[in-house]
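S.K.: Okay, here's the structure, questions in a sec.
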Amino acid sequence: MTPEDFERLQALMASRAGFALHHDRMQLAEHRLGPVARREGYHNVEALLSQIWSRPVGSLAWDVIESLLNSETWFRRDRKVFDLCGRDLMPVLAKARRDRPVRIWCAGGGTGQEAYSLAMLALSQGLRIDVLNTDLSARAVAKAQQGVYTGFEIQRGLPARTMLDWFTPLDDQWQAKDELRRCVRFARANLLDPLPDALAKDGPFDLIFCRYVLGDMVPDYRAGVLEHLAKPLTDDGCLFLGQGETAEDSAFRAVAGQKGLYVKAPDRKRHAA
């Protein structure tokens with residue numbers, strides 16, 4: 001990959017996904033694009049990118065973008081977040097929303113581990129929950145819909161006992177049980193855009209998880225993403241960001257003593273009313 005190709009790739013990732021592809025990732029980018037090139041019949045990455053530059057809005061461009069996104073996630077990542085959610089937030093919200101399930105949006109939720117973790121928390125307490133899990137990667141969404149994971153993927157965040165309680169063997173892998181899968185809806189969505197009406201009707205949402213997404217984005221795009229997260233969130237709802245991510249100068253304010261937890265700012269609530 002030439003430096004010129006990498007610069008154009010950086011611009012493509014930023015404009016289409018808001019993703020910051022840093023200069024030290026050039027070798028990693030070439031490594032990830034190699035399988036895409038071979039799968040699509042190109043003899044090398046340079047030939048693949050040459051085709052992309054001639055048709056930057058085609059499906060092939062999205063295949064390239066998806067291969068470079070950071071979709072890493074695991075079950076109950078940052079356990080304290082899930083402890084807070086299951087112990088304090090979900091029961092309170094369920095009591096306040098007696099006429100409907102607690103609604104949660106996992107924005108940029110990757111391959112579904114976060115969404116299923118939340119469903120486990122709710123069902124283990126007898127609470128009703130509806131989770132919308134969206135991601136820009138069509139491949140991540142497809143894997144999440146299947147709910148099939150290796151034993152390593154599950155036990156990375158869950159003890160063996162929990163795996164046996166909530167998953168059933170499927171060949172040499174494990175599939176989330178139907179009761180979990182019924183709680184979660186999966187769809188493709190780009191956080192650079194407002195949540196599509198077909199998905200927004202699943203809200204308004206009481207909790208929004210958008211963790212380890214903003215940190216990978218070009219700073220100029222973050223304010224717009226936060227605005228898109230604020231609109232479908234209930235006025236008394238909460239936003240969870242990843243450790244080290246912030247929502248400064250946005251529609252949110254931080255909750256003291258709880259890293260990564262935000263609520264709508266008072267002036268935003270008045271505006272919404």
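Derivation of every value follows stated rules applied to the coordinates shown; laboratory data play no part. Everything numeric in this text was worked out from a predicted model, so none of it was measured. Cβ placement follows ideal geometry from the backbone for every residue including glycine, while neighbour counts extend to all protein chains displayed.
S.K.: Rounded if a/c is under 1.5, else prolate if a/b is larger than b/c, else oblate: which is the range 1-98, with a ≥ b ≥ c the root eigenvalues of its Cα gyration tensor?
M.R.: Prolate is the answer for the range 1-98, as a/c is 1.5 or above and a/b outweighs b/c.
S.K.: Next question, about the same structure. Could I have the simple spin-label model distance between Ala265 and Ala11, label points 7 Å from Cα toward Cβ, reported in nm to one decimal?
M.R.: Between Ala265 and Ala11, the label points sit 3.3 nm apart.
S.K.: Given R₀ = 30 Å, FRET efficiency for Ser54-Arg100 by Cβ-Cβ distance, to 0.05?
M.R.: After rounding to 0.05, the efficiency reads 0.05.
S.K.: A further question on this structure: Report the Cα-based extents of the range 185-273 along its three principal axes, largest first, to the nearest Å.
M.R.: 35, 32, 23
S.K.: Computed from the mean reciprocal separation of all distinct C-alpha pairs, what Kirkwood hydrodynamic radius does the range 79-272 have, in Å?
M.R.: Values: mean 1/r = 0.0586 Å⁻¹.
Evaluated over the range 79-272, this radius sits at 17.1 Å.
S.K.: Just need the Rg to Rh number for the range 74-120, please, alpha carbons only, Kirkwood Rh.
M.R.: Here the Rg-to-Rh quotient is 0.98.
S.K.: Can you show me the helix-derived [θ] at 222 nm for the chain, built from DSSP H runs with n ≥ 4 at -39,500 (n - 2.57) apiece and divided by the number of residues, rounded to the nearest 500.
M.R.: Details: 14 runs with 122 residues, N = 273.
That comes out to -12500 deg cm²/dmol.
S.K.: Gain in length, Asp236 to Met163, computed as 0.36 nm per residue apart minus the alpha-carbon separation, to one decimal in nm?
M.R.: Once the chain is fully extended between Asp236 and Met163, it gains 23.0 nm.
S.K.: Need the C-alpha centroid separation for the range 64-95 versus the range 114-151, integer Å.
M.R.: Measuring centre to centre over Cα atoms gives 10 Å.
S.K.: Could you sort the peptides 144-153, 159-168 by per-residue average Cβ neighbour count (10 Å cutoff), highest mean leading?
M.R.: Ranked from most to least packed, the peptides come out as 144-153, 159-168.
S.K.: Would you kindly calculate the translational diffusion coefficient of the range 5-47, applying Stokes-Einstein with the Kirkwood radius from alpha carbon pairs, for 20 °C and a viscosity of 1.002 mPa s, and quote it in µm² s⁻¹ without decimals? Walk me through the intermediate numbers first.
M.R.: On the way: Rh = 10.9 Å.
After rounding, the answer is 197 µm²/s.
S.K.: Connecting C-alpha atoms closer than 10 Å in a GNM of the chain, tell me which of Lys201, Lys143, Lys231 has the biggest fluctuation.
M.R.: Ranking Lys201, Lys143, Lys231 by mean-square fluctuation puts Lys201 first.
S.K.: With a ≥ b ≥ c taken as the square roots of the eigenvalues of the C-alpha gyration tensor of the range 86-188, please select rounded if a/c is under 1.5 and otherwise prolate if a/b is larger than b/c or oblate if it is not?
M.R.: Judged from the Cα gyration tensor, the range 86-188 comes out oblate (a/c at least 1.5, b/c at or above a/b).
S.K.: Which residues in the range 108-135 place their backbone N less than 16 Å from a point set 7 Å from the Cα of Ala187 along the Cα-to-Cβ direction?
M.R.: Output list for this probe position: 108-110, 130-135.
S.K.: Per 0.36 nm of contour for each residue apart, how much would the distance between Asp24 and Val218 grow if the chain were fully extended, relative to their Cα-Cα spacing? Could the numbers behind the result be given before it?
M.R.: Numbers: separation 194, 0.36 × 194 = 69.84 nm, distance 1.52 nm.
That works out to 68.3 nm of additional length.
S.K.: Under a 10 Å cutoff between Cα atoms, tell me which one of Arg77, Arg181, Arg97 has the largest fluctuation in the Gaussian network model of the chain.
M.R.: Arg97
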